[in-house]
Amino acid sequence: MLNVAGELSGDSWGIFTFLCAALCNLPALPALNCTEELGAGQSIQKTYDLTRYLEHQLRTLAGTYLNYLGPPFNEPDFNPPRLARAERVPSATVDLDLWRGLTDNARLAANYRAYSRLLCYLRALDGQAGTAELRHRLGHFCSSLQGLVLSIAGVMSSLGYPLPAGPAGPPAPPGTPVAPNDFLKKMDDFWLLKELQTWLWRSAKDFNRLKKKVPPAVVTLRLEARGF
């Protein structure tokens, strides 16, 4: 016999009774808690955002610092050759095809080592700045750059890559002579900012490509028992 709407068979009545009982005891049932796992995708996105922020921050800092150095360093068309003594600063001048041909691990390791090294030089620059405003700007930028180094380390960890051994170095490596005159010292500072600008530009492109290769964070449902 067909069940007519409004009438409950024995089986239907049993199901209805069970649902009512379950609703009455709902506070004692496990609660569903939706949590988002922080994966490599999010870590890469945050590192990319920080890199772009540092690019913007460096434009302001470089303008202020080059004005502090004075002519010809603050002139728009000033483009001196890189001196041999400037080679101690990590250079981003690498063939683009060669750089893209490296593995993700190799590029991340190169970024980690370079920014750790550049941070040492910038901190030395901070101690030599002649004005309070410039010291403040340099100190703020150094803090942000330190954050980038830690963020890159986080990306490498989330991807299962080991950190490079001994990435950081002293402001002046052993055997490196101090600039013999004020002009060459300013030239060192000029090249430090120029290389840092190139590193940040290339790193932003690296992290933008990397975040497209790594899937976004996974949203998982986790049971949290209450009342048991």
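The values are calculated or read from the model by the stated rules, or taken from the named source; none is laboratory data. Since the structure is predicted, the reported quantities are computational estimates derived from the model, not experimental observations. With ideal geometry, Cβ positions are generated from the backbone for all residues, glycine too; neighbour counts draw on all protein chains shown.
Within the set of pairs 6+ apart or on separate chains, which have a first residue in the stretch 108-131 that is of a type in the set (Gly, Ala, Ser), a second that is not in a helix (DSSP H, G or I), and C-beta atoms under 6 Å apart?
Every condition considered, the pairs that remain are ALA109/PRO164; ALA114/PRO90; SER116/PRO167; SER116/ALA168; ALA124/PRO171.
Taking into account only those residues within the stretch 50-98 that are among the charged types (D, E, K, R) and surrounded by 13 or more Cβ atoms within 10 Å (Cβ to Cβ), which is farthest from PHE207 (Cα to Cα)?
Taking the stretch 50-98 first, the residues among the charged types (D, E, K, R) are 52, 55, 59, 75, 77, 82, 85, 87-88, 95, 97.
So of that shortlist, the ones also surrounded by 13 or more Cβ atoms within 10 Å (Cβ to Cβ) come out as 52, 55, 82, 85, 88.
Numbers: ARG52: 10, GLU55: 14, ARG82: 28, ARG85: 30, ARG88: 25 Å.
Looking at the filtered set, the residue picked out is ARG85.
Which of the helices (runs of 4 or more DSSP H) found entirely inside the stretch 54-160 contain at least 3 residues meeting this: farther than 27 Å from PHE183 by Cα, of a type in the set (A, V, I, L, M) and within 20 Å of the chain's Cα centre (by Cα)? Steps first, please.
Values: elements: 96-100, 104-128, 132-158.
Here the list reads 104-128, 132-158.
From the list PHE73, PHE18, exactly one residue is at pLDDT 85 or above and either among the aromatic types (Phe, Trp, Tyr) or at positive phi (or both). Which is it?
That would be PHE73, the only listed residue that is at pLDDT 85 or above and either among the aromatic types (Phe, Trp, Tyr) or at positive phi (or both).
Could you tell me whether SER144 is surrounded by 18 or more Cβ atoms within 10 Å (Cβ to Cβ), of a type in the set (Ser, Thr, Tyr) and on the phi < 0 side of the Ramachandran plot?
In short, no.
What is the residue count in the stretch 88-122 for residues that are basic (Lys, Arg) and at pLDDT 90 or above?
We begin by selecting, within the stretch 88-122, every residue basic (Lys, Arg); these are 88, 100, 107, 113, 117.
Filter once more, keeping what is at pLDDT 90 or above: 107, 113, 117.
Qualifying residue count, the stretch 88-122: 3.
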